[in-house]
1. Going by accessible area, probe 1.4 Å, with all protein chains left in place, what is the ranking of Asp579, Asp381, Asp393, largest first?
2. Which distance in Å, rounded to a whole number, links the C-alpha centroids of segment 245-323 and segment 471-540?
3. Report the far tail of the P(r) of segment 368-407, meaning the percent of Cα-Cα pairs longer than 11 Å.
4. Three principal axis extents, largest first, for the C-alpha atoms of segment 51-129, in Å?
5. Which FRET efficiency value, to the nearest 0.05, do you get for Ile82 and Glu357 by plugging their Cβ-Cβ distance into 1/(1 + (r/R0)^6) with R0 = 56 Å?
6. Please arrange His387, His475 by accessible surface area, largest first, computed with a 1.4 Å probe and ligands excluded.
7. For the chain, what D do you get in µm² per second when you plug the Kirkwood radius from alpha-carbon pairs into Stokes-Einstein at 37 °C and 0.692 mPa s?
8. Expressed in nm to one decimal, what extension gain is obtained for the pair Leu128 and Gln221 from 0.36 nm per residue of sequence separation less their Cα-Cα distance?
Amino acid sequence: MQDSQPWTRVTGNFAAGVAFRPELPSGVVKRAAALGVGLLAAKLALVSLRVFDGGGRGLLDAWSPLAFVYQDVAVVLGVVLIDLALTRARSSAADYAAWSLVWMLIAYSAFNVTVARVFSTPLTVSMLGAAGGALSDSIFAQVTPGNLTAIAFVMGVAGVVARRDVRALGGRRLAMAATLALSTLFMGPRAAARVDTLGLHRNAAVALGSTYFARLSPPPQAAHAVNLPVEGDALDLGHLAGAARGRNVVWVILESTAAEYLGAYGAKLDPTPNLTRLSQNAVVFDAAYSAYPESIKGLYSMLCATSPAAQTTAQDYVAARLPCASVAESFRGAGYKTAFFHSGRFRYLGMQGIVDERGFDQLFDAENIGGKHASSFGTDDASTVGHLLAFVDEVPREKRFFAVYSPISGHHPYRSPGTGPRPFPAKTEKDHYLNDLYAGDAAFGELIEGLRRRGRYDDTLFVVVGDHGEAFDQHEGNFAHTLHVYEENVRVPFIVAAPGLTFGRVRAPQIASLTDLAPTTLALTGLPRQSRHEGRSLLEPRPSVARFYTDHGPLELGLRHGRFKLIHETEHDRTRLFDLSADPGEKRDISAEQPERVERYRSHLLAWSAERRNAVANPN
């Protein structure tokens, strides 16, 4: 007859009563073993693949085993507790439910090996939200023999364990297992804080759950961010205030374009010759930063000149909930015809809510542009340029226009739709990326020539920026753009050009943020700055600070102030400081040499982040 409490057994009668010996039933032990081995196999496969890819050798540290398994151990213990509760039901349905939970976690962990191999983290809530139909081409690119083999390995090893007969676990063996598990849970977080795990220690279920609950948690108590002392250089561009008055305005928001890859910023291999030619008579801001290394909330920071906040979604920024002094509204109020042209799709990640009711007379994306070529992410940039030029044709000569052009060339998987030369040898992902930038630049060249043919080039102000950067393992585990705030992720081009505005390339050293884009454009065209703008006009000769963050994985905050760059990782309270004048590649952490500066920057960032989250959570 089965015990009514299967995790205990009567071992004997004593004068004082009945003694019970804890015991885990064989079914619970088998499921725990299958899950534990499956999670360890996933971790082993992940680290092995990263070493095979040329990285991960820095993980060989005495603390690494504890750092890598403690979250997996926590998941196994949690499942054991759920399993014991189910086992009390003593039914085949409960047994089926327990096995279903185990195999679901194993399969999800196996799938996330391929994700973490590229992004150094399993899927988070933000990443899962992004992995929709628009990214199907990017997702399909990861279906490789190596990734499929890793998934099969994890599932196969777990399957072998699940088929073995095991005994119930009790007595000393149970006590030893419990002691080992609890010790791992206690020491694991400390080990992870000592070892740079590159994010590979994260359990897939924990990563998803922790980022989900982070969004549900109330905003931290806001504290006023203490102003930082003035540091750094700035060029006085005040003579340009109002210099573009009466001109048309075209914003070009380049997709996934880091400054370091462009000829205008010193790249020897130039994928954007048309932009480089334009920059020969332009103001080039050398130290411009995205507020957030992702397109949607990054777009909000540009249109509204205000930083987004951590642990928020695109739905938090719709105009009905969070009104702002949009730059398009300023231009429309001044009599400009306004329009937004995007080669992608506004429905991607809630972008529609960012652009709706923001002052645009017309909105065009891949859905209504159509185009000659298409991918899952959008249409070819040449077709988008054609629609923009058709819009210009409809604007009377006596009327001005403000147009935002947002191409998609440069977005993963770096095979943007369209034809035309791609001159770089396509051996690596970065080669494909540079070819993509070249293709996008060709469409930009068509825009410039189209305006020239229409006689509108000489009376147009061009402001060209990147929405964020793109990484190719300049720092190990840093690929694409969303998960870190290194220079390759957040330092972007910021170029202001118009015939007669400047003669020669003027390099401006002041620290710039894309929250400064709208105020600077308004200052150039002689329109008043909006008091609600967080950003400022870069025409003023005043050094400033740029702040940025990412929350696609654990929250990471950063700032650029003078020649210094700080990155604070909240997961393990780890802070790094770089002197970019001596170390532009951010390879040497000097935080131990300047503890007072580190603490000042860290406190400033934490207060700023809390302030921004409270502002978005309580817009009124």
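The values are calculated or read from the model by the stated rules, or taken from the named source; none is laboratory data. Owing to the predicted nature of the structure, the values given are computational and were not obtained by experimental measurement. Here Cβ is always computed from backbone atoms with ideal geometry, including for glycine, and neighbour counts include all displayed protein chains. The protein model used for the area step is the full one, side chains on, heavy atoms only, and it has no ligands, DNA or RNA in it. Shrake-Rupley method; radii C 1.70, N 1.55, O 1.52, S 1.80 Å.
1. Largest accessible area first, the list is Asp393, Asp579, Asp381.
2. If we compute the Cα centre of each part, the gap is 6 Å.
3. That tail contains 66 percent of the Cα-Cα pairs.
4. Principal axes ranked by extent give 50, 33, 22 Å for the Cα atoms.
5. 0.75
6. His387, His475
7. 124 µm²/s
8. Once the chain is fully extended between Leu128 and Gln221, it gains 30.6 nm.
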